[in-house]
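I'd like to ask you about the structure that follows.
The values are calculated or read from the model by the stated rules, or taken from the named source; none is laboratory data. Please read all numbers here as calculations on a predicted model, not as lab measurements. So basically every Cβ, Gly included, is an ideal-geometry build from the backbone, and we count neighbours across all protein chains shown. Side chains are part of the model used for accessible areas, which takes the heavy atoms of the whole protein and leaves out ligands, DNA and RNA. Shrake-Rupley method; radii C 1.70, N 1.55, O 1.52, S 1.80 Å.
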Amino acid sequence: MSRLLLSGGIAAVAAITTGCGVLLPSPFGDDPITLPSQPTVINFVDPSTVDGLSVHTTSDDSGTPHIFVSYPTPASAPALAEKLREVTSTAVHRFAQPTPAPTYGRPPELNVGWQLTAASGGVFGVRMRTGTFTGSEWKNSLSTIWYDQNARRVHDSADLLKDGKALTTLSGMVQNRLWSLGEGMKVSAVKPDRTMFDSLNFNPHGDLVVEFDDGQVAPARMGRMAVAVPKQEATPLLSDFGREVMRAVDSATPGSIPAFPPPEFSAPPAPSPGDGTVDCATSRCVALTFDDGPGPETDRLLYTLAAYKARATFFTVGGSAEAQPALLRRMTAAGHLVADHSWSHRDLATLSARKISDELSRTQIAVGAATGRPSELLRAPYGDVSAQVMNAARVLKLPIVGWSVDTADARDPDPAAVTRRAIDGARPGSIILMHDAGPATATALPKVLEALAARGYAFVTVPELYGSRGMEPGQIYDKGTLAPATGRNRSSSRRTRTRHDGSTMPGAQTAP
Ligand code: NI
């Protein structure tokens, strides 16, 4: 099933029609809107329909600067997955070296997300959105990477064009269309440069859609700028592969690419015998939490948790959850709790109320669609919570969960060190922060479970820590043994940071 979505990923979207130069009012951020008649609207593919597709993420909720990277890894296109790994690694390196300084007190942020623009007819298209926040403004750059499954070759967008001459012709066409929009357009900035034409796609009618980065051909405040070149004008400019892509998009039947090798998910582990009856008021309980999944390592984590009869809470990213609903169903079947970690892992404290609400509710819906039960808890990316985040969480009936033990597993490749932090930090009522994709997490987990079980701990979901006391929507919970770290005494206008490290919190770990 394909959907017709336009995702700006930015504060403003300017969609340009081919003839009259209409500027559309903008949706906010990544809001999907259906605009079937809009020529710059790209046809996106539902990733859950692609067999064997996994989502790789890199993030660190307790680290700075704030970095979140996500990209798809289709089983049938390993060369594409490798290319995306390279591209995203380069983006992280460019952003983090040298370490960017906070601006106006806000941590700098890098957020890389993706969408599939084709996944059929022997063609994959992955549109990567790289967003950066440097304290003054959020800027997105776009690039679409193509994969020819028959030739097993990765292509840049410019490879959709026949040759340099075609690129020059297309550049002229784009300039003419920008001229028609009047003052403010940076027409002279448009060059027949492959790096400038790095996000080429087709709309459902076969028109060629050229997308630009924020600020590249118009003032950055205008957000996404895109030009649609009608099919009859674009066709003579296309390479053989470009025509293949056009045909694939035209006759899109997403999900028709068979996975090779087949997905490795086998029978789900037997459900944990835990049934939520552990009384954490009288038993020693800890809540293991895993952020930023689901992803390639989630399968292994689920098996390990099942082997130790442990329940956990998975704070899932909505975009990844929607792409891999089977993994969410396995979590639920095994007695784990699937919770909300926002849709795109943006620092929610930097977003407007509307955007925050969108980030949370979309994830709730994705979790509900996969498991039959919408997410009931929120962990804010990076643990950053503002008054607006608390308000949105209250409206959506989401208690907010922090952590009391940071295993630093997202940045530490040493399983022994990760294990030690978890064991040393654990106290009755602890909420332990881990990440699905941490480099040492899957290796460390059996040792963590073994050591804590030997000390008499039961592994429960976060709400079980609070038992009959329950958890209140919009309130912040860092640990199970104290009252919520209520925001009522906090600033109502400034961001509140909920990050904690159990090892430095005096009195944080009192037994019930
Ligand atoms: Ni996270």
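The stretch 149-219: which trypsin sites (Lys or Arg not before Pro) are DSSP loop and have at most 14 other beta-carbon atoms within 10 angstrom?
Arg152, Lys186, Arg194
Give the dimensionless ratio obtained when the Cα radius of gyration of the stretch 284-477 is divided by 2.2 N^0.38 Å.
Scaled against compact globular proteins, the figure is 0.95.
Give me the percent of the accessible area of the stretch 284-477 that comes from carbon and sulfur atoms, probe 1.4 Å, all protein chains in place.
Roughly 53 percent, rounded to a whole number.
How many percent of the accessible area of the stretch 10-251 is carbon or sulfur, using a 1.4 Å probe?
Answer for the stretch 10-251: carbon and sulfur cover 52 percent of the accessible area.
Using the Cα centre of the stretch 284-477 as the reference point, and only Cβ charges (+1 on K/R, -1 on D/E), how large is the resulting charge dipole? Debye, rounded to the nearest 20.
In debye, rounded to 20, the stretch 284-477 gives about 500.
Which loop-located GluC sites (Glu not before Pro) does the stretch 116-211 contain, where loop means any DSSP state but H, G, I, E or B and the Cβ has at most 16 other Cβ atoms within 10 Å?
Glu137, Glu183
At 1.4 Å probe size, with every protein chain present, just tell me what the per residue accessible area of the stretch 284-477 comes to in Å².
That works out to 29 Å² per residue.
If the cut-off is a Cα-Cα distance under 20 Å, which aspartates and glutamates reach Lys186, setting aside same-chain residues fewer than 8 apart in sequence?
Within reach: Glu137, Asp198, Glu211, Asp213, Asp214.
Counting only other residues whose beta carbon sits under 9 Å from that of Ile67, what net charge do I get with K and R as +1, D and E as -1?
Around Ile67, the surrounding residues sum to -2.
Kindly identify the stretch 407-450 as rounded, prolate or oblate by the Cα gyration tensor criterion: order the square roots of the eigenvalues as a ≥ b ≥ c, call it rounded if a/c is under 1.5, otherwise compare a/b with b/c, prolate if a/b is larger, else oblate.
prolate
How much accessible area per residue does the stretch 124-168 have, in Å², with a 1.4 Å probe?
Per residue, the stretch 124-168 has an accessible area of 41 Å².
Local charge sum around Gly372 (other residues, Cβ-Cβ under 14 Å, Lys/Arg +1, Asp/Glu -1)? Could you put the intermediate results ahead of the total?
Details: positive: Arg329, Arg330, Arg373; negative: Glu376.
Result for the local shell: +2.
What does the charge count around Glu82 come to, taking other residues whose C-beta lies under 14 Å from its C-beta (Lys +1, Arg +1, Asp -1, Glu -1)?
Values: positive: Lys83, Arg85, Arg152, Arg153; negative: Glu86.
Cβ neighbours under 14 Å give a net charge of +3.
Something else about it: If a/c stays under 1.5 just call it rounded; otherwise compare a/b with b/c (prolate if a/b is bigger, oblate if not). Do that for the stretch 10-251, with a ≥ b ≥ c from the square roots of the Cα gyration tensor eigenvalues.
Since a/c reaches 1.5 but b/c is at least a/b, the shape of the stretch 10-251 is classed as oblate.
At 1.4 Å probe size, what's the solvent-accessible area of Leu351? Round to the nearest 10 Å².
20 Å²
Enumerate by residue number the trypsin sites (Lys or Arg not before Pro) in the stretch 34-99 meeting two conditions: DSSP loop (anything except H, G, I, E, B), and at most 13 other Cβ atoms within 10 Å of the site's Cβ.
Working: sites: Lys83, Arg85, Arg94; in loops: none.
Answer by residue number: there is no such site.
Between their Cα atoms, which of Lys83/Lys165; Lys355/Lys447; Lys397/Lys447; Lys139/Lys191; Lys83/Lys231; Lys83/Lys309 are more than 31 Å away from each other?
Check vs 31 Å cut-off fails for Lys355/Lys447; Lys397/Lys447; Lys83/Lys309.
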